[in-house]
Number of protein chains: 2
Amino acid sequence: MTLFCYNSASQKHQKTIQQITLGRYLIERLFQLKIGTIFGVSRDFNLSLIDKIYEVESIHGKDSIKWAGNVNELNAAFAADGYSRCSKSHLGVLISSFGSGELTCLNSIAGSFAEHVGLIHIVGMPSDVSQSKDLILSHTLDKGDFTIYHKIFSNVSETNTILHDILEAPGEIDRCLKIAYLKQKPVYIGIPQNLIDVLIPITQLETPIDLSTPSNASDVQHEIVSSICKLSKTAKNPIIIVDAGVSRHDCKSQVSKLIETTQFPTFVTPMGKSAIDEGGVGGEIFNNEENPLIFQNVQTQLLEGKSVPSKFGGVYIGSLSRPEIKKFVQKADLVISVGTLSSNFNTALISFDYPTNNVIEIHSDHIKIKQALYQDIHMKELLTKLNSKIEPCVSSSIIPQLRLYNTPAPVETKLTQSWFWTRVSSWFRPGDIIISESGSTSSFGILETRFPSSVIAINQTLWSSIGYSIGACLGASMVIKEQEFHLRNLLLATKPLKDQIPQSKRATLFIGDGSLQFSINEISTIVKNGGTPYIFILNNSGYTTERLVHDLNAKYNDIQNWDYTSIGQLFNSKNYENFKIETQGDANKIFYDKSFGKPDKLKIIEVKLDKFDAPESLIK
Amino acid sequence: MTLFCYNSASQKHQKTIQQITLGRYLIERLFQLKIGTIFGVSRDFNLSLIDKIYEVESIHGKDSIKWAGNVNELNAAFAADGYSRCSKSHLGVLISSFGSGELTCLNSIAGSFAEHVGLIHIVGMPSDVSQSKDLILSHTLDKGDFTIYHKIFSNVSETNTILHDILEAPGEIDRCLKIAYLKQKPVYIGIPQNLIDVLIPITQLETPIDLSTPSNASDVQHEIVSSICKLSKTAKNPIIIVDAGVSRHDCKSQVSKLIETTQFPTFVTPMGKSAIDEGGVGGEIFNNEENPLIFQNVQTQLLEGKSVPSKFGGVYIGSLSRPEIKKFVQKADLVISVGTLSSNFNTALISFDYPTNNVIEIHSDHIKIKQALYQDIHMKELLTKLNSKIEPCVSSSIIPQLRLYNTPAPVETKLTQSWFWTRVSSWFRPGDIIISESGSTSSFGILETRFPSSVIAINQTLWSSIGYSIGACLGASMVIKEQEFHLRNLLLATKPLKDQIPQSKRATLFIGDGSLQFSINEISTIVKNGGTPYIFILNNSGYTTERLVHDLNAKYNDIQNWDYTSIGQLFNSKNYENFKIETQGDANKIFYDKSFGKPDKLKIIEVKLDKFDAPESLIK
């Protein structure tokens, strides 16, 4: 999809000038990388740089690139992270400010680092002159060391730079942007105020940044492909386990092809959810009030061929998996693990303990076959090669199917987590962006859903920062707005306007009441930027996850019970609607409602649940 | 004021047990240090420790010590900082959790470090067993290094420890608490989950932590006192400049005595405001609608002897000072600077450039006379000694007086910053806690007020983190609640209840609309804990300070215009009232209103101001 008019509208403008400011250079580079929204808070040391966003927007056209203007840097960085996860750019951008501003977002950046998210963190710094004169010693914790925060961030950045030399600055910028994209990790770029308006030749801007990975060494790749093919051929119960690296490094189609070719039963990790087509049906056909029976048993529908049966076996959560999934994985004699993020398989709660020694790990930039490590081999090229060599191997195993059905119940039956997640599952539509708060009941509930095709799921499973998901929802809302903007431009250029505006994509957030309190203020930025997500607030009167983990009745897990209907009013939205659902009848009413399904306004849905109720996987 | 019953009610209980858990030891130590509220967010690794707060409360009586339960750690740390600044304990306490939780508050802790605030940051960590087995590698950014966050915090902590050895743990805790108090800086205590419930002998708890500073070397002190007396005697235009260290290190009465004895004209730095009695009148006599004339000229009132004329000359802000103050300081031939925090006199905006070489710096733990440095001399003891030796020296200089008057104007005249700050100045009451947001127009406006006696001002002048002041307001509200609680207990013990409940103290926050958006969610914690502050929201449609600093019309300084009347409703307060003032008449109406002056509910006052209007000192 080439939606940017960089080489047409703006070329003329550029030819008339031979020099541009370094600040504009940086923003133009981001624009070339298809960044449409930059997140952050305007403060002392970054104001001149933010000016450049408006300048670049004025050159390339309204809404071509824009400043989100967040309420704080912590949330801004969450938003940039969420944006990166669902944008075609595979990058998010955040501008913070030296000292207090940048430190505010350290937790978010650490999350992006832990979860392998491509993120560019630009920090407006005092001018070199101030630094050399120590004019603002107080801002350096009385230490006179202007690199102190930069050093702190080096713990959570793949690379970093502070620009001082104008001749080297453009190259340094390009180097950092490339690494952020290729490694899918945060990078840190410090830019002193006095450099923003220094002129540099335009030449370097004309050559796009090379984002290609180096080619794999062909002999090594050949050896790996042969080994995998051989192991696959002899395996009786091979499985594939897909993790988030597949989404991050843009390898979804390669993995999809691998599954299609091998027909190996495939599971996803919690973070890998949405990296492959789960064969979920969802959407209109189940949200048909006139034929409620059709909703009763998705399983039946799948078996009757109303949907293409997939090789998707569900979510593998190690020892916490459903018994049938655990059993299935236990008897595997070959595990092909694709896109695993962590260097080992352990997370806070989950231990992945495969019984077989035949484990193949395909990471973004290295491969491990049993105990043999192959460095500097990139996933995408390897998978492409593998797909051309590996042979079909139709497994006879019956894949465990998700229990996607709801038993009929009186409409006044109170909502339970278990019923809710199944029900909402069939409301999802292909292409939805579905965000669930980590560490809350939502992140467990979402594992019990089955997505239709092309869904993008966002959940900060490993790092689990409370409050992450509101920022991420802002990021997703901006991606959707940009996609619509470009699609509309495209349609306007080719067809008459009438009836050509496509149905909007949807961003849907599931968040607990406790997590919402952490960062509710960022809903203001969603409103300000015209975002129209669904926000399902799972109100279970406090930190239910913590209750279940530690003490059911501990007082500190009670939170102030808010009036969620006031959110839209406080943030002064002119386009929102409140809903409150307590019973199965309430839920069905909204899910059957076509106008509810249309993402034309901010929709806040309070889902009233019992204090001690939780999704099955969490209770386990 | 000894308000704690540690040695009566609880002694019996303790005699029956010979051992206590380490977790309880820590909380009991905090209780001994007169900590009444602990701030933080309950999460995985700190739940067992928070249990101990409830345990200690159950031993010493309801509300003796309590858990605030904040919405996020960033705000929680702001609250602990604000608490420390106005509590008699001179300490604030925050409990966070390993990884994401602790990193969220790094900016706040850096602020406490930069501004010399005594703060104890306790971090609940994974158990030693998990750490040694690397069970949760994902929480260490895939680095397997459990000390990574601890190392980051060492940049902003005076000292730090991770408790591993149970035998050393109580001593380590005591060491850190002592340093936090004496140095007035943050300390970091990491406590692994598995240590919380390990039993230790009760013995060590019975000896209070020694919080005394070491005595000054008498010969050195003698030399210093002699030098100061000599310089003071010969000076023709001596002045005293008071900074925040005086408040932090509990030396207000010593400094007050010094001013009284010497009669030297005295100025405060922006951070030093409220460290000395400013001789402001405020309170009831000016809020008398029947006699509005009396309000017209505070200056006249002072001259007529209706208030004790003080030697207070106003706020010295270096080159940004009012001309008459700048001139006064310029001609000083001796500057006694007391309690300066920064190691030099420069801050981001202000350069303190004294023309005289006769500068005496009295810091908390060292003294500098001209170029001679005296290490390890503590301010409090030195000032006491100095006060007994220094001779009165009535200066003939006429001290510049603050222009505290309001010219009469039609009631429908729109509010201006200049008028507002003068007007509100006379509404203040002795003993008020007045919090102003740093970096916003409030922090400049507050410099144009004159406080009545015993006011405590809170402003994060040096570090200037946006959003700090809402957390600080929560901290102040808790201090007020605790003081009332103890006073009530005292009165109940000595007198019949009737008519004995004293008039409540007041916490008043001034915050801009932009800053409010940064951390509004913490108002929920104020509501939950029954705080009843005044929150003046200076609504000037965005980041006015940034406008004035950089570009009056930059779009990124516009913010989403909220409906501030919805705040109380969203946070579900049962006890709040909204006000909106736009004209001088509106303002006078509330300030004359006795029931408005009573802090019996959360009061949210939207002050509508022009987008480009700002206090004089900011415009300069």
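For residue A:601, give me every one of the lysines with a C-alpha distance below 17 angstrom, ignoring sequence neighbours fewer than eight places off in its own chain.
Answer for residue A:601, where 17 Å is the Cα cut-off: A:481, A:505, A:528, A:574, A:580, listed by chain and number.
Count the net charge of all other residues whose Cβ sits under 11 Å from the Cβ of residue A:361, scoring Lys and Arg as +1 and Asp and Glu as -1.
Working: positive: A:368, A:370; negative: A:243.
My count for the surroundings of residue A:361 gives +1.
Provide the packing ranking of A:160-172, B:63-75, B:154-166, A:477-489, i.e. peptides ordered by the mean count of other C-beta atoms within 10 Å per residue, highest first.
By packing density, highest mean first, the sequence is B:63-75, A:477-489, B:154-166, A:160-172.
How much FRET efficiency would the formula 1/(1 + (r/R0)^6) give for residue A:594 and residue A:236, where r is the Cβ-Cβ distance and R0 is 45 Å, rounded to 0.05?
The pair residue A:594/residue A:236 has a calculated efficiency of 0.40.
For residue B:204 and residue B:376, what is the calculated FRET efficiency with R₀ set at 30 Å and r taken between the beta-carbons, to the nearest 0.05? Before the final figure, lay out the partial values.
Numbers: r = 28 Å, r/R0 = 0.92.
For residue B:204 and residue B:376, the calculated efficiency is 0.60.
Taking a label point 7 Å from Cα toward Cβ, how far is residue A:168 from its twins in the other copies, in nm, shortest first?
4.1
If you build the Cα gyration tensor of the stretch A:417-619 and take the root of 5 times each eigenvalue, what three semi-axes come out, in whole angstrom, biggest first?
30, 18, 16
Ignore the peptide's own chain and count Cβ atoms of other chains within 10 Å of each Cβ in B:551-563; give me the average, rounded.
Mean shielding by partner chains, rounded to a whole number: 6.
Can you list which of the trypsin sites (Lys or Arg not before Pro) found in the stretch B:190-248 are DSSP loop residues with at most 12 other C-beta atoms within 10 Å?
The qualifying sites are B:236.
Give B:88/B:380; B:52/B:151; A:34/A:66; B:273/B:589 a once-over and call out the pairs whose C-alpha atoms are over 20 Å from each other. Mind dumping the intermediate values first?
Details: B:88/B:380 16 Å; B:52/B:151 27 Å; A:34/A:66 12 Å; B:273/B:589 28 Å.
Where the Cα-Cα span goes over 20 Å, the pairs concerned are B:52/B:151; B:273/B:589.
Could you work out how far apart the two model spin labels at residue A:389 and residue A:490 are, taking each label as a point 7 Å from the Cα in the direction of the beta carbon, and quote it in nm?
Output for this residue pair reads 3.5 nm.
Defining the label point at 7 Å along Cα→Cβ, can you sort the distances from residue A:392 to the same site in each other copy, shortest first, in nm?
Spacings between copies for this position, smallest first, are 10.8 nm.
Tally Lys and Arg at +1 and Asp and Glu at -1 over the other residues with C-beta under 9 Å from the C-beta of residue B:159: what net charge comes out? Don't skip to the end; give the middle numbers.
Working: positive: B:175, B:183, B:185; negative: B:158.
That works out to +2.
What average count of beta carbons from other chains do you get within 10 Å of the Cβ of residues in B:97-109?
6
Determine the shielding of peptide B:464-474 by partner chains: average, over its residues, the number of Cβ atoms on other chains within 10 angstrom of each Cβ.
Mean number of neighbouring Cβ atoms from other chains: 3.
Of the peptides B:411-421, B:439-449, how do they stack up when ordered by the mean number of other Cβ atoms within 10 Å, highest first?
Descending packing order for the listed peptides: B:439-449, B:411-421.
Could you give the alpha-carbon Rg of the stretch B:9-206 over 2.2 N^0.38 Å, rounded to two decimals?
Ratio of Rg to 2.2 N^0.38 Å for the stretch B:9-206: 0.96.
May I ask you to order A:314-321, A:26-33 by the average number of other C-beta atoms within 10 Å around their residues, highest value first?
In decreasing order of mean packing, A:314-321, A:26-33 become A:26-33, A:314-321.
Can you check what the net charge comes to around residue A:116, using other residues whose Cβ is under 13 Å from the Cβ of residue A:116 (Lys, Arg +1; Asp, Glu -1)?
Here the charged neighbours net out to -3.
At residue A:412, with labels set 7 Å past Cα in the Cβ direction, how many nm apart are the copies from this one, shortest first?
List, nearest first: 5.8 nm.
The stretch B:37-147: percent of C-alpha pairs farther apart than 15 Å?
Counting pairs separated by more than 15 Å, the tail of P(r) holds 65 percent.
Give me Rg/Rg_expected for the stretch A:159-271, where Rg uses Cα atoms only and Rg_expected = 2.2 N^0.38 Å with N residues.
Cα Rg divided by the expected 2.2 N^0.38 Å: 1.58.
Every number in this text was worked out from the coordinates using simple rules, so none of it is lab data. Just so it is clear, the model here is predicted, and its values are computed rather than measured. Using ideal geometry, Cβ is built from the backbone for each residue, glycine included, and neighbour counts are taken over all protein chains shown.
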